[in-house]
1. Condition (residue is in contact with a Lys or Arg (Cβ under 8 Å, 6 or more places away or on another chain) and closer than 30 Å to A248 by Cα) applied to region 407-416: is it met by at least one residue?
2. I'd like the full set of residues that are assigned to a loop (DSSP other than H, G, I, E, B), of a type in the set (D, E, K, R) and more than 13 Å from Y47 (Cα to Cα), limited to region 99-156.
3. Any idea which residue in region 161-180 is farthest from the chain's Cα centre (by Cα), counting only those that are buried (at least 21 other Cβ atoms within 10 Å of the Cβ) and not in a helix (DSSP H, G or I)?
4. If I ask for residues that are surrounded by 13 or more Cβ atoms within 10 Å (Cβ to Cβ), among the hydrophobic types (A, V, I, L, M, F, W, C) and not in a helix (DSSP H, G or I), which ones from region 269-306 would you list?
5. Hey, does region 214-223 have a residue that's part of a helix (DSSP H, G or I) and either over 24 Å from D272 (Cβ atoms) or out of contact with any helix residue (DSSP H, G or I) (no Cβ under 7 Å at 6 or more places or on another chain) (or both)?
6. Can you name every one of the strands (runs of 3 or more DSSP E) wholly within region 307-384 that holds 3 or more residues which are under 24 Å from E406 (Cβ atoms) and aliphatic (A, V, I, L, M)?
7. Give just the number: which of (1) among the small types (G, A, S); (2) surrounded by fewer than 18 Cβ atoms within 10 Å (Cβ to Cβ); (3) at pLDDT 95 or above does A212 not satisfy?
8. In the set D65, D18, D96, D54, which member is surrounded by 14 or more Cβ atoms within 10 Å (Cβ to Cβ) and out of contact with any His (no Cβ under 9 Å at 6 or more places or on another chain)?
Amino acid sequence: MRLALLNQPLGHILLPRDGKPLRSSSIGLWHYHLAVRLAAEDQVTVYARSPAEDRVQIETHRGADFVGVPVAGDERRQKFTARLRRVAGRAGLASDPCRPFYLSRAYYAGYLLRAAWDLRQRRAEVVHLANFPQFAPLVRAIYPQAKIVLHMHCEWLTHLDRDRLQRSLAACDAISACSRYLVEGIQRRFPQFAGRCYDLPNGVDLELFRPASAPVPMGGREILFISRISPEKGLHVLLDAFPRILQAVPTARLLLVGSQVPAPREFIVGVDPDPLVRDLGRFYGGAHSYLHQLQQQLPAACADRVTFLPRLPQAELLPLYRRAALFVFPSVCQEAFGMPPAEAMACGVPVVATRSGGLPEVVEDGRTGLLVPRGDPAALAAAVIALLSDEPRRQAMGEAGRRRVEALFSWDRVAQLLRQRLSALLVGNDFPRPAVSGVEKTG
């Protein structure tokens with residue numbers, strides 16, 4: 001199979017070299033781990049944003065070709081477009097939030113056209129796109145022979161303009177997403193494409209993320225969060241809950257790790273009709289960043305028990321997972337999947353998360369962790385206190401979490417499932433169902 005994987009143009013995939021670890025966003029990691037596994041049998045090319053910004057870079061790594069596509073021209077045009085949109089807004093010409101610029105065919109069109117021309121030269125049989133549905137008709141126009149798969153890591157297909165999306169989806173041979181939650185939402189909104197849809201979970205590097213040789217001792221009370229420091233992740237809810245946690249467990253500490261640049265408002269908060277998510281708009285547009293607002297929210301008595309760290313490479317996250325007594329993921333949005341909770345489970349760490357989106361497909365409530373309602377600091381605090389106070393239960397949940405990740409979310413298994421899906425697509429068969437669904441329980 002000749003396969004082209006087109007990463008979204010918002011982030012680099014910086015390959016490991018000269019002793020430096022792999023660095024990428026979660027979606028770039030998805031492309032990297034699948035590419036190097038599929039390359040054992042297939043011809044795989046990955047397209048991503050070039051580190052050089054103004055020139056193409058090509059590197060072969062573990063059998064896969066990684067093509068860095070320059071985006072400097074795209075970003076100059078997009079800055080100009082953003083200025084025009086701001087002027088229009090000041091003139092009272094408000095744009096439709098469900099028709100954002102990032103849904104237009106002009107968005108990173110140069111990136112897409114360069115990649116599409118190259119994959120045509122390479123005679124790719126399958127083109128696998130990430131998140132941006134408007135790329136599909138352009139690829140179809142440039143290279144009509146390819147099978148086109150759109151893979152979603154977010155809820156844009158259920159939130160953005162239906163008519164525009166329908167035209168883009170018609171150009172896709174298959175539509176996949178990282179959870180059954182996302183797939184079912186797409187099928188409800190676009191029943192005419194329901195037969196083209198399937199779920200394909202995210203994966204975890206089980207060689208990197210492994211449990212510590214000994215369980216965290218009873219004296220250890222570090223609560224860990226890893227993800228973007230952004231309103232939809234619910235850190236303000238966690239900080240509301242933290243004084244109650246400290247009252248019950250005075251030795252508790254909270255470590256918050258991740259990029260301190262919030263998701264743009266128009267990506268999630270501005271287009272999600274969910275009232276809990278819409279309410280997050282209060283954290284945007286003010287004089288202070290979300291991080292600053294979180295720091296100001298902390299009572300003085302708690303401030304020295306909370307530490308913020310910037311985003312770190314995956315290899316540097318391992319010791320943080322291993323020393324944590326508990327991993328907390330308090331998302332207010334409907335999470336598409338939840339890679340950090342899966343990584344925590346791979347390290348034998350129990351998880352407290354919200355019952356949102358695809359998270360119940362990852363965290364098995366009562367067995368690998370506890371699920372609580374979104375936006376409820378009291379319920380979040382109660383779950384954290386219950387597990388911090390019960391070392392045997394934490395240990396049992398950690399062990400069950402490792403088994404669940406091994407059974408469902410290894411990159412090797414995800415690569416095998418993807419190869420099955422794409423092979424079926426090429427020969428025109430129905431998509432095979434996985435042997436074990438992501439929502440089924442494991443013993």
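1. So far as region 407-416 goes, no, none of its residues is in contact with a Lys or Arg (Cβ under 8 Å, 6 or more places away or on another chain) and closer than 30 Å to A248 by Cα.
2. The answer is R99, R105, R123, E125, E155.
3. Of everything passing the filter in region 161-180, C172 is farthest from the chain's Cα centre (by Cα).
4. Those that are surrounded by 13 or more Cβ atoms within 10 Å (Cβ to Cβ), among the hydrophobic types (A, V, I, L, M, F, W, C) and not in a helix (DSSP H, G or I): V269, V271, L298, V306.
5. There is no residue in region 214-223 that is part of a helix (DSSP H, G or I) and either over 24 Å from D272 (Cβ atoms) or out of contact with any helix residue (DSSP H, G or I) (no Cβ under 7 Å at 6 or more places or on another chain) (or both).
6. Working: elements: 326-329, 351-354, 369-372.
In region 307-384, the matching strands (runs of 3 or more DSSP E) lie at 351-354.
7. Only one criterion is unmet by A212, namely (3).
8. Just one listed residue meets the conditions, D65.
The values are calculated or read from the model by the stated rules, or taken from the named source; none is laboratory data. What you see is a predicted model, and the numbers here were worked out from it, not measured in a lab. Methodologically, a virtual Cβ is constructed for each residue, glycine included, from the backbone with ideal geometry; neighbour enumeration extends over all protein chains shown.
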